[in-house]
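Enquirer: Once you've had a glance at the structure underneath, I'll fire off some questions.
The values are calculated or read from the model by the stated rules, or taken from the named source; none is laboratory data. Everything quoted here is computed from the prediction, not taken from an experiment. No Cβ is skipped: glycine too gets one built from the backbone with ideal geometry, and neighbour counts run over all protein chains shown.
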Amino acid sequence: MIDIVRTVANVDDAPELHLARLLILLNAFSTDREPGSIQGITKLAKLDFLLRYPILLQRALQAKGQSVANVKLEDHEKMSVEATMVRYRFGPWDHRYREYLNIMSAKQLVNVTIEGRTTIIALTSVGQAQAKKLGAVSNFEAYVRRTKLLKANFDMTATNLMRFIYNTFPEIISLKKNAPIIP
């Protein structure tokens, strides 16, 4: 018999889901002329936060006076999160980002470069092709739809995005460091 509790608990430990989500997110920031890139791990984390927590993405869009129709929350998303994040120094965070970036870099899916004090995460052509394949899978359709919302509404500097999240979700600031964020 399958231990459903153990199976569900192990989903958060499976890097494949996180890698797929991050590839789709980076791809949303692509253009026809150049593969997607995000300037800064902090910006990546804030965008990923809104992607992981669709109920909070809905709140963020409402705070900006934007339509929430394309969020299309499913019933299970209203009461749970597939993979929680924690409050860290600069807001929502997952301590595994550097691990994920190293895995994607080793698989030649992304190029990670440093410009000054900023880490630039850019899809390679291989990463862009893989993200497009993932985006065509029905299980990832919600990610694709929501990353388009992120690109259209939250493509701002990491600092401005961080300020927006702090202003929109003040309850996160009150959490202790490394406390899980639960909507």
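Enquirer: Tell me whether region 74-84 contains one or more residues that are among the aliphatic types (A, V, I, L, M), more than 25 Å from Leu123 (Cα to Cα), out of contact with any Pro (no Cβ under 8 Å at 6 or more places or on another chain) and without any contact (Cβ under 8 Å) to a residue 12 or more places away in the chain. Working first, answer last.
Expert: Within region 74-84, the first condition is being among the aliphatic types (A, V, I, L, M), and the residues that meet it are 79, 81, 83.
Still in the list and also more than 25 Å from Leu123 (Cα to Cα): 79, 81.
Filter once more, so that each one left must be out of contact with any Pro (no Cβ under 8 Å at 6 or more places or on another chain): 79.
So of that shortlist, the ones also without any contact (Cβ under 8 Å) to a residue 12 or more places away in the chain come out as 79.
Yes, region 74-84 contains at least one residue that is among the aliphatic types (A, V, I, L, M), more than 25 Å from Leu123 (Cα to Cα), out of contact with any Pro (no Cβ under 8 Å at 6 or more places or on another chain) and without any contact (Cβ under 8 Å) to a residue 12 or more places away in the chain.
Enquirer: Now for a different question. Of the residues that sit in region 97-145 and are in a loop (DSSP other than H, G, I, E, B) and farther than 15 Å from Asn27 by Cα, which one is farthest from the chain's Cα centre (by Cα)? If you could, list the steps in order and put the result at the bottom.
Expert: Applying the first criterion (in a loop (DSSP other than H, G, I, E, B)) to region 97-145 yields 107-109, 116-117, 124, 136-137.
If we keep only those that are farther than 15 Å from Asn27 by Cα as well, we get 107, 116-117.
Values: Lys107: 19, Gly116: 24, Arg117: 21 Å.
For region 97-145, the residue satisfying everything is Gly116.
Enquirer: Would you point out the residue of region 35-53, among those that are within 14 Å of Ala131 (Cβ to Cβ) and of a type outside the set (A, V, I, L, M), that is modelled with the highest pLDDT? Break it down into steps so the answer makes sense when it comes.
Expert: Residues of region 35-53 within 14 Å of Ala131 (Cβ to Cβ): 35-38, 51.
Next, only the ones that are of a type outside the set (A, V, I, L, M) stay: 35-37.
Details: Pro35: 69, Gly36: 74, Ser37: 87.
So, considering only residues that are within 14 Å of Ala131 (Cβ to Cβ) and of a type outside the set (A, V, I, L, M), the one modelled with the highest pLDDT is Ser37.
Enquirer: Right, something else. Being more than 19 Å from Ile38 (Cβ to Cβ), without any contact (Cβ under 8 Å) to a residue 40 or more places away in the chain and not in a helix (DSSP H, G or I), is that true of even one residue in region 149-160?
Expert: Narrowing region 149-160 to residues more than 19 Å from Ile38 (Cβ to Cβ): none.
No: zero hits.
Enquirer: Report, by residue number, each residue of region 70-85 that is of a type in the set (Asp, Glu) and within 16 Å of the chain's Cα centre (by Cα).
Expert: Answer for region 70-85, where residues must be of a type in the set (Asp, Glu) and within 16 Å of the chain's Cα centre (by Cα): Glu77, Glu82.
Enquirer: With (1) in contact (Cβ under 8 Å) with a residue 60 or more places away in the chain; (2) within 22 Å of Val68 (Cβ to Cβ); (3) out of contact with any helix residue (DSSP H, G or I) (no Cβ under 7 Å at 6 or more places or on another chain) as the list, and Pro170 as the residue in question, which single condition is left unmet?
Expert: The number of the failed condition is (1).
Enquirer: Could you count how many residues in region 124-148 are touching a residue at least 24 places away in the same chain (Cβ under 8 Å), in contact with a Leu (Cβ under 8 Å, 6 or more places away or on another chain) and within 23 Å of Ala106 (Cβ to Cβ)? Let's see the steps before the verdict.
Expert: The first filter runs over region 124-148 and keeps only residues touching a residue at least 24 places away in the same chain (Cβ under 8 Å), leaving 124-125, 127-128, 130-132, 134-135, 140, 142-148.
Filter once more, keeping what is in contact with a Leu (Cβ under 8 Å, 6 or more places away or on another chain): 124, 127, 130-131, 134, 140, 143, 146-147.
Remaining after also requiring within 23 Å of Ala106 (Cβ to Cβ): 124, 127, 130-131, 134, 140, 143.
Residues in region 124-148 being touching a residue at least 24 places away in the same chain (Cβ under 8 Å), in contact with a Leu (Cβ under 8 Å, 6 or more places away or on another chain) and within 23 Å of Ala106 (Cβ to Cβ): 7 in total.
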